[in-house]
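Beneath this line is the structure, given in structure tokens, with notes to follow.
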Amino acid sequence: MCGITGFVDFSKKSTLEQLVQMTRVIVHRGPDDVGTELFETNTCKLGLGFRRLAIIDLSPSGHQPMQNPDTKSWIVFNGEIYNFQEIKRELESLQHRFVSHSDTEVILKAYQQWGLSCVDKFIGMFAIALYDQQKEKLILIRDRAGVKPLYYYWDDTRLLFASELKCFHEHGDFKKEIDPEALSAFFQFGYVPAPLSIFKNASKLLPGHILEIDLKSKQIQRRKYWDAANAYLQPKLEISFNEAVKSTEDLLLSAFQYRMIADVPVGVFLSGGYDSSCVTAILQKNSTSKIKTFTIGFEDEKYNEATHARKVADYLGTDHHEHICTFKEAMEIVPQLPEIYDEPFGDSSAVPTTLVSRAARKHVTVALSADGGDELFAGYPRHLKSLSYLSKRNTIPSSLSSLLGILIPNRNPSFTKGDQQSKLKEMFLQNDTAKQFKIINLTFSSNEIKHLLALSSEVGIRNEIEDDMSKHKMELLSRILLAEYKTYLCDDILQKVDRATMSTSLEGREPFLDHRILELIAKMPSEYKLKGTNQKILLKAIVHKYIPESIMDRPKMGFGIPLKDWMNNTLKDLFMSSMNDQALAQSGLIHINSAKKIRDAYLNGEQINFEKVWFLFIFQQWYQRWIANN
């Protein structure tokens with residue numbers, strides 16, 4: 001696990017010193033080693049920067065940027081190719097020779113042998129920047145699910161790329177102009193969805209995509225090499241439930257064991273819920289030694305998962321580590337959030353995720369998370385709610401639905417109450433299921449955004465994923481799960497875990513996000529995932545083979561902390577430092593009267609969706625750190 005950065009500058013003004021600075025600010029992603037290389041061609045300067053967290057092949061031979069001397073290609077690479085040993089053996093049979101034991105060298109040799117189609121062979125998580133000197137191209141590649149982040153900035157003269165946006169601030173030609181689409185999206189979702197980033201001209205490379213820039217012509221091409229939709233579009237398997245359990249369990253074992261490969265200590269985040277218990281149970285059953293598990297808890301039982309995790313760990317016999325956090329520890333992370341998440345990010349579970357990452361890092365360098373289980377097996381409460389609502393909504397003929405949407409009037413929102421009328425209007429006017437699902441789950445409605453943000457004109461959100469998905473015909477549950485996998489999972493959950501783990505130099509791995517699992521589960525009959533009010537049916541059946549249902553049977557808990565109480569009490573000074581009248585007016589992007597309604601209602605103890613308060617606070621914090629004071 002590492003951090004990468006670099007540039008292609010057709011003005012040839014970029015310097016080695018800038019590259020070093022861009023690399024320095026992501027030292028937390030790789031404290032073990034650093035490398036930079038600067039090249040000059042007839043048309044440009046090209047820089048590659050790298051920070052290393054040594055996981056596989058801890059020797060100096062794993063140093064990056066790494067060159068393939070046969071082809072003169074160079075690479076910087078963040079992530080892991082878990083099946084690199086199998087690919088290496090295949091390459092050796094084709095007369096390739098290796099000087100290291102690293103997966104980085106395997107990527108270079110695989111590219112030499114198969115070109116960019118080599119990515120189809122990779123099982124892993126990766127953000128790759130590959131400089132092909134012979135073809136005079138820089139190639140950026142992001143893994144299928146989007147586990148590893150990869151940003152790029154293009155202003156027609158230079159392309160910057162990096163694992164985190166903070167690298168761009170170190171380059172003198174980066175312009176910090178806020179993108180209105182991205183700002184609007186943040187307040188609706190709590191994150192900035194790919195391919196947008198908070199800044200104009202800066203983008204996230206979409207998962208499963210490759211970007212190439214030709215150094216001779218300056219032309220940029222972007223193409224998709226994998227799409228989760230293709231699996232959901234396949235016919236459902238004609239398979240018995242017992243056969244489904246067996247085939248799923250076998251594949252989970254393969255995916256989970258791949259993610260235990262490392263030359264450093266590895267552990268598992270264990271909450272005691274079905275997803276993390278599944279990872280722990282399967283790995284422990286197939287291990288000859290006790291695996292290390294980690295959980296955090298709080299003294300307040302409303303927020304304490306530690307008891308449930310301990311029961312699972314005791315039953316499975318893991319080497320369990322439990323850290324009971326004080327709320328003081330959690331509160332100390334809140335002012336650090338804009339540094340850790342250098343783009344506005346509103347998921348408040350970033351705080352406990354950072355806490356558990358810090359606790360685990362004292363014992364291991366790699367930790368397996370269990371994200372993706374809900375998106376694959378239909379585990380969120382909103383799946384039930386949305387499925388019921390959308391089933392009814394889509395029985396209404398489109399002509400009648402459009403008429404109803406037109407007849408519902410627009411009203412000025414109060415912000416303190418849910419803007420249900422505006423959401424209902426949007427729902428009637430929208431016929432695409434994925435977009436309907438999005439509307440149901442918005443924090444700020446589109447109508448509220450118009451009254452909150454001081455934008456010169458109404459802003460629509462460019463969403464290539466939704467536009468692409470709207471072309472596909474598939475059953476309702478599949479559309480909901482596909483939407484979750486391609487948006488919320490990637491842009492919220494995976495971003496949260498990547499930044500939280502890497503902020504403490506811990507590699508986070510995602511065993512459920514092996515693409516082979518998605519390709520299998522997408523084809524499973526929907527009733528094996530959700531039937532009536534029973535959710536995650538297939539996954540629960542697997543877990544109950546290892547852990548008694550009596551241990552697992554408990555209400556689903558969120559990974560939360562009492563922020564709503566803290567921000568109006570212990571952290572009120574911090575809250576007001578970003579939310580006073582002067583601070584709210586500073587960006588010129590917020591209608592101050594609307595923001596004050598939200599702030600004052602919260603401070604006065606009125607009933608209000610705290611997410612609205614939190615998103616506004618998070619944006620204000622971020623703006624002060626990266627714009628006003630930078």
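Listing for the model above:
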{"read-out": "Residue in region 97-106 that is open to solvent by less than 10 Å² (accessible area, probe 1.4 Å), among the hydrophobic types (A, V, I, L, M, F, W, C) and touching a Phe, Trp or Tyr at 6+ places or on another chain (Cβ under 6 Å) present", "value": "yes"}
{"read-out": "Filtered residue count, region 139-169, keeping only those that are over 24 Å from the mean Cα position of the chain (by Cα) and in a strand (DSSP E or B)", "value": "1"}
{"read-out": "Within region 414-459, considering residues that are open to solvent by 40 Å² or more (accessible area, probe 1.4 Å), assigned to a helix (DSSP H, G or I) and in contact (Cβ under 8 Å) with a residue 40 or more places away in the chain, the one nearest to L387 (Cα to Cα)", "value": "K438"}
{"read-out": "Checking L215 against (1) within 29 Å of E40 (Cα to Cα); (2) in contact with a helix residue (DSSP H, G or I) (Cβ under 7 Å, 6 or more places away or on another chain), the condition it does not meet", "value": "(2)"}
{"read-out": "Failed item, numbered, when V34 is tested on (1) at negative phi; (2) in contact (Cβ under 8 Å) with a residue 24 or more places away in the chain; (3) assigned to a strand (DSSP E or B)", "value": "(2)"}
{"read-out": "Boolean, A370 is open to solvent by 10 Å² or more (accessible area, probe 1.4 Å), outside any helix (DSSP H, G or I) and either of a type outside the set (F, W, Y) or without any contact (Cβ under 8 Å) to a residue 40 or more places away in the chain (or both)", "value": "yes"}
{"read-out": "First in region 16-27 and over 19 Å from E339 (Cα atoms), second anywhere and open to solvent by 60 Å² or more (accessible area, probe 1.4 Å) and among the aliphatic types (A, V, I, L, M), Cβ under 7 Å, 6 or more apart", "value": "L16/L38; L19/L38"}
{"read-out": "Tally of residues being more than 26 Å from the chain's Cα centre (by Cα) and either in contact (Cβ under 8 Å) with a residue 12 or more places away in the chain or crowded, with 17+ Cβ neighbours inside 10 Å (or both) across region 512-541", "value": "4"}
{"read-out": "In region 225-242, residue most open to solvent (accessible area, probe 1.4 Å) [restricted to those that are within 17 Å of E475 (Cβ to Cβ) and part of a loop (DSSP other than H, G, I, E, B)]", "value": "E238"}
{"read-out": "Total residues in region 594-613, condition open to solvent by 60 Å² or more (accessible area, probe 1.4 Å) and within 12 Å of G418 (Cα to Cα)", "value": "3"}
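To keep it simple, each residue is scored yes or no on (1) touching a residue at least 12 places away in the same chain (Cβ under 8 Å); (2) farther than 29 Å from P193 by Cβ.
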| position | (1), (2) |
| --- | --- |
| A313 | yes, yes |
| H320 | yes, yes |
| T326 | yes, yes |
| S349 | yes, no |
| A359 | yes, yes |
| K362 | no, yes |
| A378 | yes, no |
| P381 | yes, no |
| L390 | yes, no |
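The values are calculated or read from the model by the stated rules, or taken from the named source; none is laboratory data. Just so it is clear, the structure is predicted and the values come from calculations on it, not from any experiment. Positions of Cβ are backbone-derived with ideal geometry, glycine not excepted, and every protein chain shown enters the neighbour counts. Each accessible area value is taken on the protein alone, full model and side chains, heavy atoms only, with ligands, DNA and RNA left out. Shrake-Rupley method; radii C 1.70, N 1.55, O 1.52, S 1.80 Å.
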